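Take a look at the structure set out below.
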Amino acid sequence: MTKKEKRQAFIMEIKNIIDPLMLKLEVIDSKISKGKTLKPAYYRNEDLKKIFGLSNNTIIKYRQTGVLPYTKLGDIFLYDSVKIEETLRENGN
């Protein structure tokens, strides 16, 4: 067997291993895509900044004024995603 034939045989062997895995991943991806978008139970400060475009100062102000209901775990502020959605609905957003 020549070097080129060995390389082709190796590539085919790898392809035979990868193809079934790719099919399984496609099935998993399609099942995930059909389902609801996964939403976290709690948001953190970074999530609020990314998703809602809030600044650190705005988040602090909303916490202090009661606009944002939160739970504190150590030094981490957690915001219940359901309560955030309720707050948004109540305020017409």
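The values are calculated or read from the model by the stated rules, or taken from the named source; none is laboratory data. All figures in this text were calculated on a predicted structure; none of them were measured in a lab. Note that each Cβ is placed from the backbone with ideal geometry, even for glycine, and that neighbours are counted across all protein chains shown. For accessibility, only protein heavy atoms count, side chains too; no ligands or nucleic acids. Shrake-Rupley method; radii C 1.70, N 1.55, O 1.52, S 1.80 Å.
Some notes on this structure:
- Reported count of residues in the range 19-51, each being open to solvent by 80 Å² or more (accessible area, probe 1.4 Å) and under 15 Å from L78 (Cβ atoms), is 5.
- In the range 53-78, the qualifying residues are those that are open to solvent by less than 60 Å² (accessible area, probe 1.4 Å) and of a type in the set (S, T, N, Q), and the one that is farthest from E90 (Cα to Cα) is S55.
- When the range 79-93 is filtered for residues that are at pLDDT 85 or above and either over 21 Å from the mean Cα position of the chain (by Cα) or open to solvent by 70 Å² or more (accessible area, probe 1.4 Å) (or both), the ones remaining, listed by number, are V82, K83, E86.
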